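Report on one structure; see the data block that follows.
The values are calculated or read from the model by the stated rules, or taken from the named source; none is laboratory data. Note that the structure is a prediction, hence the values are computed from the model and not measured. Neighbour counts run over all protein chains shown; Cβ positions are idealised from the backbone, glycine included.
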Amino acid sequence: MKLNRRTFFAGAASLVIKPWRFIPESTVAKVEQGTLQGEVENGIRVFRGIPFAAPPLGKLRFKSPQPPQPWTGTRDATKNAPAAMQSGQGDSEDCLYLNVFAPAETGNYPVLVWIHGGGNTGGGTNGQSPGDYVQNGVVVVTVAYRLGAFGYLPLQHLLGDEYATSGFNGIQDIVAAFKWVKQNIHAFGGDPNQVTIAGQSAGAKNVAAVMATPNANGLFHRAIMHSGSGQTIHRPDAGKEVTAQLLRILSIAPQNAGRLLDLSPRDLLTAQQQLQRDYPANFPFRPTIGGELLPTIPENNIQSNIPLILGTTLHESLSFFNIKDAATPIQSREVSNIPFETMQKMEDIYHSAFPDISDLDRRIRILTAQEYWMPSVRFAEKHADNGAKMWMFRFDHANTDAKSDHFNYATHGAEMQFMWRRHPNWAIHETWVDFIKGKNPTTWPLYASEKRATRIYQQGGEPATQNDPASQERLLWETSI
């Protein structure tokens with residue numbers, strides 16, 4: 001799935017509404033920081049560009065998010081805030097804003113907080129279509145967070161304890177958004193005691209990290225994760241190496257790391273992009289574990305009282321390599337969760353175990369398993385073994401466009417259109433709505449390591465439950481690494 005890199009030029013400034021402008025009460029919301037003026041779009045109330053933390057500028061660069069500042073008058077909430085720094089064209093270091101989509105009628109609605117994907121280096125809050133959720137009685141919040149070096153560069157070892165969260169500030173930004181939601185979502189008709197966190201791809205990986213962060217306890221009550229789990233993290237030494245590599249690119253000695261605070265956002269972004277090209281593995285910018293707020297890998301510290309729906313698509317990895325490269329050896333830059341030497345060993349194992357499938361299908365299988373499927377299985381096992389309610393799904397419905405390179409494959413993000421909107425053949429959207437409202441899925445059993453019941457969304461929309469799908473492949477990973 002291509003990352004959403006649309007730029008947003010309007011946004012952050014507070015504007016006083018002119019006296020002649022009509023302000024219907026349904027589009028005015030009073031939060032702790034002041035009054036917001038939203039608008040009605042397609043029958044739902046929309047409030048955009050709401051600050052949930054202070055702008056992380058100047059001395060606040062690389063520091064944990066600080067509380068948002070109040071404003072006077074009425075703030076215009078009809079325009080998108082800039083996206084987080086990712087292209088240097090229209091996006092901004094001043095990015096800690098969220099959007100709220102709410103039903104027109106007053107009520108006490110459950111809340112869905114969506115965390116966008118994009119590899120922790122791209123994406124934003126303007127690519128979702130939450131209208132169907134809102135029409136079904138759900139308040140939807142979309143959250144931005146710091147990306148790349150701005151949100152995931154460990155600096156505590158060089159700059160001191162003021163920067164203790166610098167290696168996972170993107171996660172702390174999301175936590176700050178949840179604290180804002182808890183304090184303010186009632187102003188939009190939302191119930192702060194019925195909040196679901198959800199995300200896809202890097203968004204799902206960040207959901208896993210938030211679930212494991214002690215200062216997020218009690219801020220949400222259910223979780224949904226698409227195509228991502230808790231293994232894409234840095235251990236402290238790996239995080240420090242990312243910092244060292246960025247400093248080398250910038251020709252800054254470690255003892256002078258404070259100069260990072262004085263760089264322009266564009267210069268820091270340019271160095272970040274060079275690091276992304278040079279880094280020997282996939283996803284150089286990811287949460288660095290260690291310390292009180294992210295002590296260990298997420299699956300070892302997740303809240304056991306959080307019901308979770310977790311799933312992947314069947315052919316995730318085809319979205320990230322060219323079909324023409326199917327027969328070539330896997331490169332280290334395609335691997336993110338295991339040592340490259342282990343992946344080379346697994347390539348040999350897959351050739352022996354699946355000699356009759358095509359090079360393309362073999363490559364899809366092994367890369368999908370490494371990045372998405374097996375980490376999700378392990379996360380699900382751990383969560384279920386801890387006593388949590390856990391449901392697993394896999395989306396197998398393939399692309400039906402014969403002109404597409406992905407024809408007959410269910411690639412990364414293929415299920416998103418059915419998650420966001422109603423579809424006559426599947427009940428994915430409806431099931432998720434019910435889950436957000438506190439109803440557990442009844443169409444397939446809880447996941448447990450004994451049977452590994454998994455809901456399969458098959459071609460043509462006829463879902464079925466399978467126990468331990470692709471068990472032979474799972475056992476290869478569990479017995480080989």
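Tabulated results
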read-out	value
Residues being at pLDDT below 95 and among the hydroxyl-bearing types (S, T, Y) - total across region 370-408	2
Residue identified as modelled with pLDDT under 95 and among the β-branched types (V, I, T) among T125, T74, T78	T125
Candidates G228, G148, G131, filtered to the one that is at pLDDT below 95 and either under 28 Å from A427 (Cα atoms) or out of contact with any Pro (no Cβ under 7 Å at 6 or more places or on another chain) (or both)	G131
Members of region 307-330 that are of a type outside the set (A, V, I, L, M), touching a residue at least 60 places away in the same chain (Cβ under 8 Å) and not in a helix (DSSP H, G or I)	P307, G311, T312, T313, H315
Elements of type helices (runs of 4 or more DSSP H) contained in region 331-442, each with 3 or more residues being touching a Pro at 6+ places or on another chain (Cβ under 7 Å)	428-436
Which numbered condition G230 fails, given (1) assigned by TED's automatic domain parsing to the domain that holds S201; (2) of a type outside the set (F, W, Y); (3) assigned to a helix (DSSP H, G or I)	(3)
So T479, is it β-branched (V, I, T), within 22 Å of R365 (Cα to Cα) and more than 25 Å from the chain's Cα centre (by Cα)	yes
Of residues in region 322-356 being surrounded by 15 or more Cβ atoms within 10 Å (Cβ to Cβ) and touching an Asp or Glu at 6+ places or on another chain (Cβ under 7 Å), the one nearest to P441 (Cα to Cα)	N337
